[in-house]
Ligand code: MRU
């Protein structure tokens, strides 16, 4: 992704460490977080220094390489990484990939770097395939951040938007704010640097704009897609899909192979992460949105049934029903 005229990735390997654009600080500050060992990688994934399914997978791949070098116990490292976040399939896919490469005697760092290059290329191809759906003047809604930050580069949902814009196609993006972690602000940050016209709306406003005829298409990413096409994505995706159907708006899911979990039959088998209540109760810095006695629940994802999906934009093709 281009940031102030320079090419950047969400994470990269440099001087024996993994560097991350610290997503906890964006869009206010651009800071780099350095992970020197597996525990630092685990911290980064759990605390959302890095987030988004393919980027978590890339972090885990490098985590396996660091674990092999520093602890020489890949099975323990694999187990520690698998227990960081339960929903995004890319994490488990990347750990399995690394285990098989290491057990085949391949150099772990080369294998991790190859994994990351591969995921970047897959996202670029998602962009190439998906941009064919985009017409001049379209107004596209997206939820959460499924951009370069979430995938190392290009994005999944944002890849078609990014590449269409680079081809000179004028578009406008409605960006859901995405309570409670406000990943919409990360999307806004990426779109601003790409020069793409957009605005952030609160999550509850999406139906309002759909009903007024101001949204032509919805594109979202995915954290895990089951065999029947049901998929988990950021909390609030399900209701956007139902509203899109109600308003006859095409609803697309963009994801690479590493997000498709063919071992589970449907969305009922997807484990949904519940995160710390402070994500809802807390505010900016030390301020509070709600007093601590208020009971809350904080599911980070929901499952959208396949029947609401117009098509899946993958690196191979657009899979329509
Ligand atoms: O909790 P997060 O921020 O890791 O959740 C990320 C999402 O839900 C994205 O939309 C998803 O990973 C798809 S993206 C590439």
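Against the numbered list (1) surrounded by fewer than 16 Cβ atoms within 10 Å (Cβ to Cβ); (2) in contact with a helix residue (DSSP H, G or I) (Cβ under 6 Å, 6 or more places away or on another chain), residue 303 comes up short only at (1). Among the residues of region 271-292, those identified as in a loop (DSSP other than H, G, I, E, B) and touching a residue at least 12 places away in the same chain (Cβ under 8 Å) are 271, 272, 273, 275, 276, 277.
For region 99-116, does any single residue satisfy the condition of being at pLDDT 95 or above, in contact with a strand residue (DSSP E or B) (Cβ under 9 Å, 6 or more places away or on another chain) and closer than 16 Å to residue 224 by Cα? The answer is no; no qualifying residue exists.
Right, residue 7: closer than 26 Å to residue 159 by Cβ and modelled with pLDDT under 95 or not? Criteria met by residue 7. Which residues, counting only those in region 222-242, are within 17 Å of residue 126 (Cβ to Cβ) and either part of a strand (DSSP E or B) or more than 10 Å from the ligand (Cβ to nearest atom) (or both)? If the condition is that a residue be within 17 Å of residue 126 (Cβ to Cβ) and either part of a strand (DSSP E or B) or more than 10 Å from the ligand (Cβ to nearest atom) (or both), then 224, 225, 229, 231, 233 are the ones that fit.
Within region 243-262, restricting attention to residues that are assigned to a helix (DSSP H, G or I) and in contact with a strand residue (DSSP E or B) (Cβ under 8 Å, 6 or more places away or on another chain), the residue that is surrounded by the most Cβ atoms within 10 Å (Cβ to Cβ) is 259.
Residue-level check: of (1) in a loop (DSSP other than H, G, I, E, B); (2) closer than 27 Å to residue 158 by Cβ; (3) free of Cβ contacts under 8 Å to residues at least 12 places away in the same chain, residue 295 misses just (2). The single condition among (1) under 30 Å from residue 170 (Cα atoms); (2) part of a helix (DSSP H, G or I) that residue 268 does not satisfy is (1).
Among the candidates 219, 161, the residue that is under 27 Å from residue 24 (Cβ atoms), assigned to a strand (DSSP E or B), touching a strand residue (DSSP E or B) at 6+ places or on another chain (Cβ under 8 Å) and within 16 Å of the ligand (Cβ to nearest atom) is uniquely 219.
Hey, does region 165-183 have a residue that's closer than 22 Å to residue 297 by Cα, away from the ligand (no atom under 15 Å from the Cβ) and not in a strand (DSSP E or B)? So that I can check it myself, show each step before the final result.
Residues of region 165-183 closer than 22 Å to residue 297 by Cα: 176-183.
Cutting the leftovers down to away from the ligand (no atom under 15 Å from the Cβ) gives us none.
Within region 165-183 (the criterion being closer than 22 Å to residue 297 by Cα, away from the ligand (no atom under 15 Å from the Cβ) and not in a strand (DSSP E or B)), the answer is no, since none of the residues qualifies.
The helices (runs of 4 or more DSSP H) found wholly in region 48-149 and carrying at least 3 residues that are within 16 Å of the ligand (Cβ to nearest atom) and buried (at least 17 other Cβ atoms within 10 Å of the Cβ) occupy 53-70, 89-103, 108-130.
In region 263-282 there is no residue matching the filter, namely being closer than 26 Å to residue 131 by Cβ, buried (at least 17 other Cβ atoms within 10 Å of the Cβ) and either modelled with pLDDT under 95 or within 16 Å of the ligand (Cβ to nearest atom) (or both).
Is one or more of the residues making up region 32-40 within 15 Å of the ligand (Cβ to nearest atom) and part of a loop (DSSP other than H, G, I, E, B)? Let's see the steps before the verdict.
In the first step, residues of region 32-40 are kept if they are within 15 Å of the ligand (Cβ to nearest atom); the result is none.
So far as region 32-40 goes, no, none of its residues is within 15 Å of the ligand (Cβ to nearest atom) and part of a loop (DSSP other than H, G, I, E, B).
The values are calculated or read from the model by the stated rules, or taken from the named source; none is laboratory data. Every value quoted in this text rests on a predicted model; they were computed, and no experiment measured them. Here Cβ is always computed from backbone atoms with ideal geometry, including for glycine, and neighbour counts include all displayed protein chains.
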